[in-house]
Amino acid sequence: MYKFTRQYFYHVKKLVVAFVFLTATTSLFAQNSKPKSDKDARRAEKRERISAMVKQEEEGVLAYYKQSAFGIGLRTDGYTLFYELGRMKTPRFANLYSLEFSEIKHAKEEKYQNTESFFSNSFVYGKLASFYQLKLGFGQQYIFGQKGNKNGVAVLGIYGAGLSAGLEKPYYLEVEDATGTRKDIKYADDTTVFLQGPIYGSSGFSKGLSEITVNPGAYAKAALRFDFGRFNESMQAIEIGISADFYSKKVQIMALNDPKQFFFQGHIAFIFGRRR
């Protein structure tokens, strides 16, 4: 009887130890397999997403999460350079954040060269100031029509607005005064000599930089963009649009012409960038 009891408890002990070991092993395996299962699911989801984007690209659909682009353009009153960051929100809408630098030139600006001083800079007669703009804006992009295929053209609408810092830099000329001395002057220094000369040429871009004044303002723009890039991950487009700028103070670029506070212009720009 005693021997039977010892054997009974011995077998029970072995069963308990085996049960505990099996339970611990099963729990450890489950813990290790769960992250692996989640990881596999994420990988499968990523593969499906990539496959969907590849299919859309083959069909000519612009499919991306964000894009960055640079643009260079001509305006009816100057030129423009800008950087643009876009984030897609829906298959047709994307938010755009932009930083732009441009210059407004007066319609009557005309360059001259002093033929008696061959090495002098060309100059704009009667110009009082150079007027630059540094703009920070927000806008949206809407896809009117997809490419249809890789060789097609997507048509997009762009609209936006933002703040503008107008930078007015005095325009300097190298002239000869009544004593025969050459010197650099701006319009406010001597209006008669500035306009009547003798004028040898402009003083160069660096002259007047320390005298730049800031004229705060705002702007708005609207444009159509034609994206003809062959591959979805690269961006190549032509943009045609209009924009308007309004400043807190009037700006006088040319002498004997009325100063302006509101500027309206058209533009055409070439845009290139990347998508992902």
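Descriptive notes on the structure:
- Nonlocal Lys pairs with alpha-carbon distance under 22 Å, region 57-206 (8 or more apart, or different chains): 22
- Dividing the mean sequence gap of close Cα pairs (under 8 Å, 6+ apart) by how many residues region 226-276 holds gives a relative contact order of 45 percent.
- Rounded to the nearest 20 debye, dipole of region 119-276 from Cβ charges on Lys, Arg, Asp, Glu: 940
- Here the alpha carbons of region 153-256 define both size measures, Rg and Dmax, at 21.4, 67 Å.
- Region 136-276, relative contact order in percent, only Cα pairs under 8 angstrom and at least six apart counted: 22
- Charge sum, other residues only, whose C-beta stays under 13 Å from Ile271's C-beta, Lys/Arg counted +1 and Asp/Glu -1: -1
- Glu110/Tyr142 FRET efficiency (R0 45 Å; Cβ-Cβ; nearest 0.05): 0.65
- As a calculated quantity, the FRET efficiency between Glu233 and Val155 at R0 = 25 Å, using C-beta atoms, amounts to about 0.80.
- Under 15 Å, Cβ to Cβ, from Pro198 - net charge with Lys/Arg +1 and Asp/Glu -1: -4
Where a number appears in this text, it was derived from the coordinates with a stated rule and is not lab data. Because the structure is a prediction, the values reported are computed rather than measured. Positions of Cβ are generated from backbone atoms using ideal geometry, with glycine treated the same way; all protein chains shown enter the neighbour counts.
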